[in-house]
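The values are calculated or read from the model by the stated rules, or taken from the named source; none is laboratory data. All values derive from a computational prediction rather than experimental measurement. Positions of Cβ are backbone-derived with ideal geometry, glycine not excepted, and every protein chain shown enters the neighbour counts. For the accessible areas, the whole protein counts, side chains as well, though only heavy atoms, and no ligand, DNA or RNA atoms are used. Shrake-Rupley method; radii C 1.70, N 1.55, O 1.52, S 1.80 Å.
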Amino acid sequence: MDSAELAGKIVYTWLTLVLGFILLPSAFGVSLGISELYMKILVKTLEWATLRIEKGVSKESVLKSSASVGIIQRDESPMEKGLSGLRGRDFELSDVFYFSKKGLQAIVEDEVTQRFSSEELVSWNLLTRTNVNFQYISPKLTMVWVLGVIVRYCVLLPLRVTLAFIGISFLVIGTTLVGQLPESSLKNQLSELVHLTCCRICVRALSGTIHYHNKQYRPQKGGICVANHTSPIDVLILTTDGCYAMVGQVHGGLMGIIQRAMVKACPHVWFERSEMKDRHLVTKRLREHIADKKKLPILIFPEGTCINNTSVMMFKKGSFEIGGTIYPVAIKYNPQFGDAFWNSSKYNMVSYLLRMMTSWAIVCDVWYMPPMTREEGEDAVQFANRVKSAIAIQGGLTELPWDGGLKRAKVKDTFKEEQQKNYSKMIVGNGSLNLELD
């Protein structure tokens, strides 16, 4: 047997195993129990590693070095309360100390910057990309770590790349073929089948384990689904359980090929770069979409950027000016098995996908929430904040008022002016109060 024949048999056996044990079950939405067994072994291994770490170092030092606790203890009281102990009725020079303290707190550890870096773990998950390298604590732990590297890069990575290639290829070919059919209910059904099948295959390429809650509240046609945003794979996570119409900017390269194929089979809403800046045009296109109750619900991430899944930042009001019914969805990843957060300023898409495919698994919970509509007298900003609060509470996330655009932009002057106005109101208010008393 020559080398070419041997290589051919190896490839044939590999594809047969992938097709029979992973591809076909995932396409039909069933499980043979392989992923469940893998997760049980993984959990037991990580529990053992945690015990070894606790024996190797004191628990206090582990928590101090690796837990995502704050460096400083913040006083979240409003400005009026913070200044009450420093000032009298009128302006006092001691007011400077309050603003100096707030400024130093922001320099040492602000609330925004830390949301754009990976979440730190209390215990090591046998990945060197985590914040503390625990693999040198004991020889046994080091051996397990080396074995894990071999498994992740020599077994899981080739398997996942194969599944991802098959899933993306099927998606492009399937949507292109379905797109040739005339508009009909059959075309819509086939389009949804292709999207669901291919997304399930791609999720298996990440060893995804997803727990869906409250399925009775799944987004309905003619509505708008809004969710917190951690990663580009958020789309895959949600589309595995239902189809959506995507909204986004037209891209080039491989992403552009996928977009052009998908829009032939399903009415996704893609915009050119120049059109994205025209708010009225975007709003018009989205309103036309939700006006047709036969079209799939629109999927929108109002934060506009990826956050590290510890918080929910400001929801842009544009999604809430359209009208219609909002279906909130909370997504919470378990960082113990793999960090799903995409730090786009540090990693390009290829590097990010490599990190995903060499992680242990992607484990997350998805909560569908009761539909929400804009109340009488409520503006778009208030509605957006109400939806954001509901998602933060359900997902156990910290709610922050800051704009995710601060990831790459400077703080707007309006934020500074707001603090100045609040302080001015206090001075004016106390001044008028003094006049009345005199």
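Looking at (1) among the charged types (D, E, K, R); (2) in a helix (DSSP H, G or I); (3) in contact with a His (Cβ under 9 Å, 6 or more places away or on another chain), which is the one condition that is false for residue 303?
Failed condition: (2).
Scan segment 378-399 and give yes if some residue there is basic (Lys, Arg) and at pLDDT 80 or above, otherwise no.
Taking every residue of segment 378-399 in turn, at least one turns out to be basic (Lys, Arg) and at pLDDT 80 or above.
Just give me the residues in segment 235-264 being in a helix (DSSP H, G or I) and either open to solvent by 10 Å² or more (accessible area, probe 1.4 Å) or among the charged types (D, E, K, R) (or both), in sequence order.
235, 236, 253, 254, 255, 257, 258, 259, 260, 262, 263, 264
Check residue 365 against each of (1) surrounded by 12 or more Cβ atoms within 10 Å (Cβ to Cβ); (2) among the acidic types (Asp, Glu); (3) farther than 22 Å from residue 214 by Cα; (4) modelled with pLDDT of 80 or more and name the one condition it does not meet.
Unmet for residue 365, out of (1) surrounded by 12 or more Cβ atoms within 10 Å (Cβ to Cβ); (2) among the acidic types (Asp, Glu); (3) farther than 22 Å from residue 214 by Cα; (4) modelled with pLDDT of 80 or more: (3).
Looking at (1) crowded, with 18+ Cβ neighbours inside 10 Å; (2) within 21 Å of residue 249 (Cα to Cα), can you tell me which one residue 344 breaks?
Status for residue 344: all satisfied but (1).
Confirm whether residue 280 is of a type outside the set (Phe, Trp, Tyr) and part of a helix (DSSP H, G or I).
yes
Within segment 347-362, which residues are open to solvent by less than 50 Å² (accessible area, probe 1.4 Å) and not in a helix (DSSP H, G or I)?
358, 359, 360, 361, 362
Identify all residues within segment 273-282 that are at pLDDT 70 or above and either under 24 Å from the mean Cα position of the chain (by Cα) or closer than 14 Å to residue 246 by Cβ (or both); write none if there are none.
The answer is 282, and nothing else.
Take segment 164-204 and flag every residue that is open to solvent by 70 Å² or more (accessible area, probe 1.4 Å), farther than 22 Å from residue 241 by Cβ and within 27 Å of the chain's Cα centre (by Cα).
Hit for segment 164-204 is 165, nothing else.
Within segment 309-335, track down each residue that is in a helix (DSSP H, G or I) and open to solvent by 20 Å² or more (accessible area, probe 1.4 Å).
317, 318
Take residue 368 and decide whether it is touching a Lys or Arg at 6+ places or on another chain (Cβ under 7 Å) and within 23 Å of residue 240 (Cα to Cα).
In short, yes.
Consider residue 160 carefully, then state whether it is surrounded by 15 or more Cβ atoms within 10 Å (Cβ to Cβ) and out of contact with any helix residue (DSSP H, G or I) (no Cβ under 9 Å at 6 or more places or on another chain).
Judged against the criteria, residue 160 is not a match.
Residue by residue, here is whether (1) within 20 Å of residue 295 (Cβ to Cβ); (2) small (Gly, Ala, Ser) holds:
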| residue | (1), (2) |
| --- | --- |
| 148 | no, yes |
| 153 | no, no |
| 159 | no, no |
| 168 | no, no |
| 172 | no, no |
| 181 | yes, no |
